[in-house]
Amino acid sequence: MRVGGGGGGGGGGGGREREAALLLVLIAAACGFVVVLLNLPDGRALPGAGGVPGAVGEHTGGTHVSVKERRMVEIVRQQQDVAAQELEGQTDENAAEADERISRSPPGAKEKLWMMQDQLIMAKAYLQFASLHGSAHLVRELKLRIKEIERVISHFSSSSRVPTSALQKIRAMEMTLSKAQRAYPHCSHMTAKLRAMTHQSEELVRAHRSETSFLEQVAVRTLPKGHHCLAMRLTSEYFLLDPKEREFPQRYTMQMGDLYHYAIFSDNVLASAVVVNSTISASKDPKRIMFHIVTDALNFPAMMMWFLTNPPNPATIQIKSLDNLKWLPADFSFRFKQKGIRDPRYTSALNHLRFYLPEVFPSLNKLVLLDHDVVVQRDLSGLWQINLNGKVNGAVETCTSGDGYHRLENLVNFSDPSIINKFDAKACIHAFGMNIFDLKEWRRQGLTTAYNKWFQAGKRRRLWKAGSLPLGQIVFYNQTVPLDHRWHVLGLGHDRSIGRDAIERAAVIHYSGKLKPWLEISIPKYRDYWNNFLDYDNPYLQQCNIHISTTIQADMII
């Protein structure tokens, strides 16, 4: 029986069409059979059921069957018999078509691997279905084919040519799946089984993702053991110093206004060291640089000891403790803790200290704020020459044409009347991490007061997402001048697609995201830019076993 025209030139495609058409006939016949059953009057038995032939005018089970009804049943049974016989007669033809289809498929081994994985999914579904219905022979055959395909996959290499034995296993599996399909043509049952398997797989994936997320959070919040060792050694040695030796030498050879001032708020010694070292290395006139590092009381001794023993010559450095800023609110170190949020990037008081820059540095009128997860690659003195046109902040915008994710509406709650009436939901988000601030204009416009007002409003109702970034967009709304994107490239802590050209053209690269370069979970291809500014022969790093890992060394060799 041929379904559809087309002459004799169909090849493997025509065979598949015939097979599909025959299966449709089977399903249609079965459905027609059910229709007949459903339309019989109550108590009326099907003629010929149970192997007992019926005849015209016979009484089966005490109920008379009409000639018309019997004729309908016979037509259905004839269609089933013809379709089954033709399917059985196509066994060799199907095998030939399977071989032809496999040989015609793309030469890449990856496609064959996908084919085998699809076969495994179908075979396991049929296996469960066959086991429930007691088809012992089919169960044994499916188990055998599954083992064969799993063995082939386990020894499979996507870079090698597919061996003939693997093609034979694929063909054998196709034949077994064809048998299973003929044995269980009821799509609804198989669909239910596949749906259950899919649901189970999705639940397993969801559980693995949850576990991965949890472990990632642990890794993000936990400094490596070597960093703890370093902090402890530096702290203990700091307190062994004579009090007179705990101060940096006074090296102010110029007036404060003639210096390029850089602020770094950090509790990470090595991260701060990389920012300082890279800035000096890239500077055309490092003698004019002054660093201002602010840290917390716990890390202040370690930070001091590191830079006392590793002075950033010829630049100048000043280190302050957060606890010594007595004018801050009494609860400042704890006010940013939020229920259910443990990520230190969102709860750190040092992140919010940026909104008090004019108070932290009352004698300065302009400075550059650098996050501690950046590397400076170009001289930054040109930032002081940028005209901010009466605005406070110079920063790179993070949105691009058609990119809705980096718009204000994704950080701020525009369902609140106090937000929707004052801000544009489509406004572009500007970056933090490398910013030039006009502190004189900041003071004139009273932006610190504005920050405190919005912060208190946010405590009463949910106005934005966690962290200092959304609040910064509010405080510096319409107060930011967009900088050229070559000043600042972000995303090295989460985006693996950033190209080398974009990175190497940038004045500052920023490891924004969870995958910081000092963590084992960082992105390997970006680590070198950070590691180049640490001296791993330093005695403190040697004593605490802080070194370039073998994965990083391999990347450097490549």
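The values are calculated or read from the model by the stated rules, or taken from the named source; none is laboratory data. This one's a predicted model, so the numbers in the text were calculated from it and none came from an experiment. Here the Cβ is made from the backbone with ideal geometry for all residues, glycine too, and neighbour counts use every protein chain on show. These accessible areas exclude ligands, DNA and RNA; they are computed on the full protein's heavy atoms, side chains included. Shrake-Rupley method; radii C 1.70, N 1.55, O 1.52, S 1.80 Å.
Key figures for this structure:
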read-out	value
Å³ per residue enclosed by the Cα convex hull of the range 225-544	147 Å³
Ranking by accessible area, most exposed first, for S283, S333 with a 1.4 Å probe	S333, S283
Solvent-accessible ranking of F437, F533, largest area first, probe 1.4 Å	F533, F437
Net +/- balance of residues flanking L127 in space, Cβ distance below 11 Å, scoring K and R +1, D and E -1	+4
For the range 268-379, convex hull volume per residue from C-alpha positions, Å³	112 Å³
Added length on full extension, which subtracts the Cα-Cα distance from 0.36 nm per residue, H155 to R461	104.4 nm
Residue-span extension gain [Q318 to S381] - 0.36 nm each, minus C-alpha spacing	20.8 nm
Per-pair calculated FRET efficiency, R0 = 60 Å: A136 and N452 via Cβ, rounded to 0.05	0.20
Virtual spin-label span in nm between K284 and Q200, 7 Å along Cα→Cβ	6.8 nm
Proximal charge balance of F361 [Cβ under 15 Å; K/R count +1, D/E count -1]	+2
Backbone HN-Hα couplings from phi across the range 114-127 [Karplus 6.51/-1.76/1.60, Hz, Gly and Pro as x]	4, 4, 5, 5, 5, 4, 4, 4, 5, 5, 5, 5, 5, 4
Surrounding net charge for E150, when Lys and Arg each add one and Asp and Glu each subtract one, Cβ distance under 14 Å	+4
Student exercise, the range 225-544 dipole from Lys, Arg, Asp, Glu Cβ charges, in Debye to nearest 20	940 debye
